[in-house]
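The values are calculated or read from the model by the stated rules, or taken from the named source; none is laboratory data. Just so it is clear, the model here is predicted, and its values are computed rather than measured. Because the Cβ atoms are built from the backbone with ideal geometry, glycine has one as well, and the counts that use them run over all protein chains shown.
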Amino acid sequence: MAPSAPLWLAEPSRFARLRSGQARIAAVLLLILLAAGLGTLAVPEPPQISTATGHQQAETDLALYEKIVAGVRYGGSGYYSVAADAMRAGGYPLQPFFTVRLPGLAVVQSALPERWTYALLFLLAGATAFVWMQRLSEALPRTLPRIGAGILLLGSMLAFVQPGLAAFHEIWAALFVALSIALRRPGRWVEAVALGLIAMLIRETAALYVIVMAGLAWTDGERRETAGWGAALLIFALVMAAHAYAVAGVTGPLDAASPGWLGLEGLGLFVKAAILSTALQLLPLWLASLLVCLALFGWLAWDNPLGLRMAVTLGAYAMLIALFARLDTFYWGLMVAPVLLVGLAFAPDGLRDLWRQMLDRRIVRVQRITR
């Protein structure tokens with residue numbers, strides 16, 4: 001079957017290289033993904049509904065973080081004492097130590113006027129969107145696909161331009177992760193590593209992203225880049241050790257312990273988390289669920305190192321949430337939300353190429369000539 005011009009992309013998708021048998025296996029896996037994504041229909045609604053922001057999120061957690069920022073700003077006895085007192089008052093567990101957030105975000109916000117905090121959030125979100133549109137313009141040469149990708153990007157960043165969520169750690173960490181992965185190019189990784197480290201120091205779950213990037217750099221043979229990501233993880237580990245020591249100084253054996261994180265809610269919780277973190281919340285749940293899965297497929301279809309890194313990162317967080325998140329920690333999905341829906345811009349080419357390769361019935365004949 002003769003190759004055809006891409007629909008939206010500058011180059012054929014990753015699936016255009018598959019043989020017919022491989023394409024059929026990929027199609028079966030896609031159908032399994034779509035079916036698993038519909039598991040969100042069986043996931044109960046997460047607790048606490050915020051009518052102020054128009055989507056569900058852990059409102060009590062947000063109130064806790066705002067209370068801690070206010071306590072540090074207005075003369076508290078230090079971040080750890082303020083955080084421990086606020087968490088006890090709210091009935092939050094203080095054990096193990098990582099139930100207490102790292103102090104960086106709260107300390108910075110307490111030192112700034114609120115309007116400056118909001119300005120920094122908008123600036124970070126704007127910078128992230130600008131860099132991503134630059135990267136997407138390389139893959140989408142025509143105007144209409146670029147406009148579509150821009151709309152999808154805005155829909156992905158819905159939660160990240162809401163001042164009322166500025167105290168939420170995932171909001172900032174997710175933007176730093178998104179900016180980090182967009183800035184990383186072969187041979188240019190220092191900025192990406194620095195931003196990944198900042199993300200980890202705001203929210204510990206960003207370490208999964210750094211681990212993924214280190215692993216992919218290793219498989220690509222980028223030893224210096226691998227060392228850079230490894231150094232960031234080492235710094236993070238040292239900070240977490242100091243954090244554990246500080247938390248131990250303000251807690252005791254009578255403080256409540258976490259019930260654990262082995263939620264085992266399945267892929268449906270990840271899909272629902274993605275829906276509640278983006279503009280997909282405006283659509284019927286079944287349709288939004290299928291679109292999340294097609295966005296994952298689209299990122300894998302983009303035959304580019306950036307597309308591969310996004311696909312693997314999304315897959316890693318999908319597994320994390322499917323296995324370990326509870327219903328009340330669904331907001332972990334914010335960590336990969338800022339550009340998630342952009343994957344839909346790559347899905348048409350991926351689907352078309354996969355279909356064409358499935359129908360490719362070319363027969364290769366081998367003729368042996370004896371002289």
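Looking at PRO338, PRO348, which is the one that is at pLDDT 95 or above and either at positive phi or outside any helix (DSSP H, G or I) (or both)?
That would be PRO338, the only listed residue that is at pLDDT 95 or above and either at positive phi or outside any helix (DSSP H, G or I) (or both).
Do we find that LEU306 is farther than 20 Å from VAL28 by Cβ, modelled with pLDDT of 95 or more and surrounded by fewer than 21 Cβ atoms within 10 Å (Cβ to Cβ) in this structure?
Yes: the conditions hold for LEU306.
So VAL161 clears everything in (1) touching a residue at least 40 places away in the same chain (Cβ under 8 Å); (2) surrounded by fewer than 18 Cβ atoms within 10 Å (Cβ to Cβ); (3) of a type in the set (A, V, I, L, M); (4) more than 23 Å from TYR331 (Cβ to Cβ) except one condition, right? Which one?
Unmet condition: (4).
Select from region 307-317 the residues that are over 13 Å from THR205 (Cβ atoms) and of a type outside the set (D, E, K, R) and list them in ascending order.
GLY307, LEU308, MET310, ALA311, VAL312, LEU314, GLY315
Considering each of GLY75, GLY91, GLY71 in turn, give the residue that is assigned to a helix (DSSP H, G or I), over 25 Å from the mean Cα position of the chain (by Cα) and over 21 Å from GLU204 (Cα atoms).
GLY71
State all residues of region 248-263 that are surrounded by fewer than 11 Cβ atoms within 10 Å (Cβ to Cβ) and either touching a Phe, Trp or Tyr at 6+ places or on another chain (Cβ under 6 Å) or closer than 30 Å to PRO46 by Cβ (or both); if no residue qualifies, say none.
Those that are surrounded by fewer than 11 Cβ atoms within 10 Å (Cβ to Cβ) and either touching a Phe, Trp or Tyr at 6+ places or on another chain (Cβ under 6 Å) or closer than 30 Å to PRO46 by Cβ (or both): LEU254, PRO259, GLY260, LEU262.
With the condition kept exactly as written, say whether any residue in region 274-287 is of a type in the set (Gly, Ala, Ser) and out of contact with any Leu (no Cβ under 7 Å at 6 or more places or on another chain).
No, region 274-287 contains no residue that is of a type in the set (Gly, Ala, Ser) and out of contact with any Leu (no Cβ under 7 Å at 6 or more places or on another chain).
What pairs come out if I take residues in region 105-132 that are closer than 30 Å to LEU341 by Cβ and pair them with residues that are assigned to a helix (DSSP H, G or I) and among the small types (Gly, Ala, Ser) whose C-beta lies under 6 Å away, six or more apart or interchain?
Matching pairs, first to second residue: THR128/ALA178; VAL131/ALA182; TRP132/ALA182.
Select from region 234-247 the residues that are surrounded by fewer than 13 Cβ atoms within 10 Å (Cβ to Cβ) and over 18 Å from ILE211 (Cα atoms) and write down the one among them that is farthest from the chain's Cα centre (by Cα).
TYR245
Based on this model, can you work out whether PRO145 counts as in contact (Cβ under 8 Å) with a residue 12 or more places away in the chain, over 20 Å from the mean Cα position of the chain (by Cα), more than 28 Å from ALA232 (Cα to Cα) and not in a helix (DSSP H, G or I)?
no
Looking at region 351-371, which of the residues that are in a loop (DSSP other than H, G, I, E, B) and either modelled with pLDDT of 95 or more or of a type outside the set (Lys, Arg) (or both) is farthest from SER258 (Cα to Cα)?
In this case the residue turns out to be THR370.
Taking into account only those residues within region 283-331 that are assigned to a helix (DSSP H, G or I) and among the aromatic types (Phe, Trp, Tyr), which is farthest from the chain's Cα centre (by Cα)?
TRP286
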